[in-house]
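Notes follow once the structure below has been shown.
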Amino acid sequence: MANDDIHQAAAALRSARRVVVLTGAGISAESGVPTFRGPEGLWRKYRAEDLATPEAFARDPILVWEWYDWRRGIIAKVGPNPGHLVLARWEARFPAFTLITQNVDGLHALAGSQRLLELHGNIWKTRCPEEGRIVENRNVPLSPIPPRCAFCGGLLRPHIVWFGEGLDPGVLGEAYAASAQAEVMLVVGTSALVHPAASLPLAAAESGATIIEINPDPTPLTPYADFPLRGKAGDILPRLDAALD
Ligand code: BV8
């Protein structure tokens, strides 16, 4: 990635007050968390339809919980990378900063991000479908599988949004509002295939925001990006951060 592209993007970002970032699995790739659709992607080994849907869970809750338990085991061993850490620092740098993530790995929170919208839930949380109670569970490995509600004994599910399920309307509403008011929106490490998350940068662009995309590969969003920065988040974000000073 040429330095002048990064310096031009930094010039657009430096004086911005309202900054929004949307991240996907790519920002956690350098931490060692497999992405979904890359060559080593999670989905490569499993079809999303087989595991991340309410139908799959109803059909075989143990299989679905074993898949999440496997992912929790991977995530428990890794930490935030320089890309996560830059975004955590930017909360203090920009007057109105919102971080929106599709990731369920919890690494942004671990890096210190607080103004965080987790669109698709969190792999460390379970939910009782009967009562709606959300309980954090960091046991690795999970035991028993499937976990049961301590209050009603019912089958707990991951507190994660599956395909075909609606996102939390409050979280999604906040994400749209932040995107529509953004002066600059960075889109980092997402294939921009999953909706409604993938429509957030389009809402920002329609409202006149400058779009900076950070991704080694082009995506359906690239044509809308004012600054398509080709490369890894863990490399480009620290260089972009340094260029702001
Ligand atoms: C809903 C939780 C309605 C599970 C996930 C409109 C148009 C088209 C389709 C739809 C639409 N509306 C609804 C749909 C259907 C569906 C959908 O979008 N399907 C897609 C696949 C076509 N959407 C839904 O079902 C959504 N629900 O709309 O329901 C509704 C409304 C009201 C009431 C009832 C129903 C729900 C979507 C949420 C699904 N859950 N995750 C789990 O994690 O176990 S989505 C899943 O994909 C993950 O959350 C992931 O974050 C997300 C997106 O993937 P990415 O993060 O982008 O990851 P990916 O591997 O694809 O890409 C990685 C990128 O990083 C690549 O570009 C790569 O180049 C790059 N990269 C790699 N290394 C690096 C890097 N970048 C930077 N640095 C690096 N080092």
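Things to note:
- Principal-axis analysis of the Cα atoms of the chain puts helix 169-181 at an angle of about 10° to the longest axis.
- When only Cα pairs below 8 angstrom with a gap of at least 6 residues are kept, segment 94-245 shows a relative contact order of 15 percent.
- Dividing the helix sum by the residues of the chain, where each DSSP H run of 4 or more adds -39500 (n - 2.57), gives a mean residue ellipticity at 222 nm of -11000 deg cm²/dmol.
- Computed about the Cα centre, the dipole magnitude for the chain is approximately 480 debye when only Lys and Arg (+1) and Asp and Glu (-1) carry charge, each at its Cβ.
- Helix 82-93 and the longest principal axis of the Cα set of the chain meet at an angle near 70°.
- In segment 39-145, the ratio of gyration radius to Kirkwood radius, Rg to Rh, stands at 1.01 when only Cα atoms are counted.
- Between the Cα long axis of helix 233-244 and the first principal axis of the chain there is an angle of about 40°, rounded to the nearest 10.
- Distances between placed amide hydrogens fall under 5 Å for Leu186 paired with Val20, Val21, Leu22, Ile212, all partners being 5 or more residues away or on another chain.
- Note on segment 153-245: Rg/Rh from Cα positions, Kirkwood definition for Rh, rounded to two decimals, is 1.06.
- Top of Gly231, Gly132, Gly26 by mean-square fluctuation, Gaussian network on the chain, Cα under 10 Å: Gly132
- Accessible surface for the chain, divided over its residues, is 45 Å² per residue with a 1.4 Å probe.
- Counting every C-alpha pair in the chain, the share spaced more than 23 angstrom apart comes to 49%.
- Carbon + sulfur, % of accessible area of the chain - ligands and nucleic acids excluded, 1.4 Å: 53 percent
- For the residues Gln102, Gln181, Gln114, a GNM of the chain with alpha-carbon springs under 10 Å puts the largest fluctuation on Gln114.
The values are calculated or read from the model by the stated rules, or taken from the named source; none is laboratory data. Treat the numbers as computed from the prediction; the structure is a model and nothing was measured. Don't worry about glycine lacking a Cβ; one is built from the backbone with ideal geometry, like all the others, and counts go over all protein chains shown. For the accessible areas, the whole protein counts, side chains as well, though only heavy atoms, and no ligand, DNA or RNA atoms are used. Shrake-Rupley method; radii C 1.70, N 1.55, O 1.52, S 1.80 Å.
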